[in-house]
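Structure record follows, encoded as structure tokens.
The values are calculated or read from the model by the stated rules, or taken from the named source; none is laboratory data. None of the values given here were measured: they were computed from a predicted structure. In this analysis, Cβ positions are derived from the backbone assuming ideal geometry, glycine residues included, and neighbour counts consider all displayed protein chains. Just so you know, the surface numbers come from the protein's heavy atoms only, side chains and all, with ligands and any DNA or RNA stripped out. Shrake-Rupley method; radii C 1.70, N 1.55, O 1.52, S 1.80 Å.
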Amino acid sequence: MMDSDNINKELHTLREHADGDRDSNTSCEGMSEGSSYSGILLRPNVNDANYDDENRPYLGYFEGPEKTLEVCFRPAGKDMFSNMESLNGLIGMRRLPREDLNILCSKARCTIMSKISNNYLDAYVLSESSLFVYPHMVVLKTCGTTTLLRCIATLIELGRKVGLEVEWVGYSRKDFSFPYDQQFPHGSFAQEIEYIDSHRHLSEKLNGSAYTLGPVTSDHWFVYVADKTRRADDFTDTDRVLNIMMFDIAEDVSQKFYYDQYMKQIGADAEGKSKGDVECLVSEMMTKSAGIDTLCPGSKIDPRAFEPCGYSMNAILFRSYSTMHVTPEDGSSYASFETNQKMPSYTALINNVVNTFRPKRFVLTLMADEGALSQIKDIPLYSSTPSTVFVPVKGDSSRKSIDYKRKNLSTIQVEDDCVCMMANFVHDDSKLSEPVSMISKKMRETKIRGMSVQL
């Protein structure tokens, strides 16, 4: 849990600082004409209109871990299922035109690159991560120095435009690797909480609680949840989101996410092709070279390779999404995989993802309803599971495994029935030489550990 005295002091300081800024040359953000705004005003150095995404400076490193904003909506009014008009067969937030989504993304300082859809959702690859739009839910993930929380006011307004009101809000992120590069309001978690709270006049639902999971001296996870769901007596939900954040990925894997090598392979075949066609070809080659196409079997995939390096991918399968983002820069290499797919066991998926990138360490998080937890039988986030993850090495004739030791485990229940779980895993070099045939023996002999701050 976050130290209440420290965060209260930081919030008090932030309020005083905001009071001094209100008379400066700043402008209200995301408000309709005639609306009043009593919260924190935006810093003048963050200007949506002047932001140039294509010509931003490349610093040779990148803040890979994403900020994630999830907002669930419900029909406004007493009748929860009235006024559900469709537009071309689409309902709710999926009725929003592309122009509105472009405005939403501009608030976060990112742009839409491509889109795939099915009967249940729309998935957009962004210049920094991804956007998923369901009829009654929007999930926006952005990385780098994006200003994700500046989307809140616009998102509330867009919901009202299609007759919806906010029901559930979740914001989460890992601690930053390069915190001083972040733009307002992402200077600290306390600043982010204060900024969300400043929008309460737009929606009374923005009245949640904030938490820190994991050791503050190492990788940790910040979570904010405001749950105002109207639950029936027999209500049972099974929503869950699994996220694997991998750091210091294997060097030979990192090299697969540099653009130029594929251009050299294409060579003269690029002549006569449009830039978009070449980008699609490079994206497909990068996907297959890294083995990412095998991680989401049966899914509709939308990959995107970036220059000079980097990669994003969205995959959709019925109502679920999976998304992956890779920043291969030396010294800050990172890859993430997130999905809300409902599975009884995630062990095989986690093993396959980690095996693809072979990181030195990874952070595993899960946000789920209690109903979902009752369905998940196997995941290395339970205190009753072994504290070591054994990952077979893909393509290794000696059948060796890479072992990752769980260093800590944190679990907390937030709001009504939302449970957040987080664990840090570190590569155990001493176990690299052990063959896969020993895995079952090791798992039988592994002592079952209870939850603790530091194992």
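For region 133-167 versus region 303-354, the inter-centroid distance based on Cα atoms is 22 Å. Counting only protein heavy atoms and a 1.4 Å probe, tell me what percentage of region 265-318's accessible area is made up of carbon and sulfur. Heavy-atom surface of region 265-318 belonging to carbon and sulfur, 1.4 Å probe: 52 percent. Computed from the C-beta positions of Glu307 and Ser384 and an R0 of 45 Å, the FRET efficiency is 0.45 to the nearest 0.05. Of Met367, Met93, Met343, the order by accessible heavy-atom surface (1.4 Å probe, DNA, RNA and ligands excluded), from most exposed downward, is Met343, Met367, Met93.
From the cross-link list Lys115/Lys174; Lys107/Lys264; Lys161/Lys273; Lys273/Lys400; Lys205/Lys288; Lys161/Lys256, which pairs have alpha carbons spaced over 32 Å apart? Before the final figure, lay out the partial values.
Working: Lys115/Lys174 27 Å; Lys107/Lys264 37 Å; Lys161/Lys273 41 Å; Lys273/Lys400 44 Å; Lys205/Lys288 44 Å; Lys161/Lys256 43 Å.
Among Lys115/Lys174; Lys107/Lys264; Lys161/Lys273; Lys273/Lys400; Lys205/Lys288; Lys161/Lys256, the Cα-Cα distance tops 32 Å for Lys107/Lys264; Lys161/Lys273; Lys273/Lys400; Lys205/Lys288; Lys161/Lys256.
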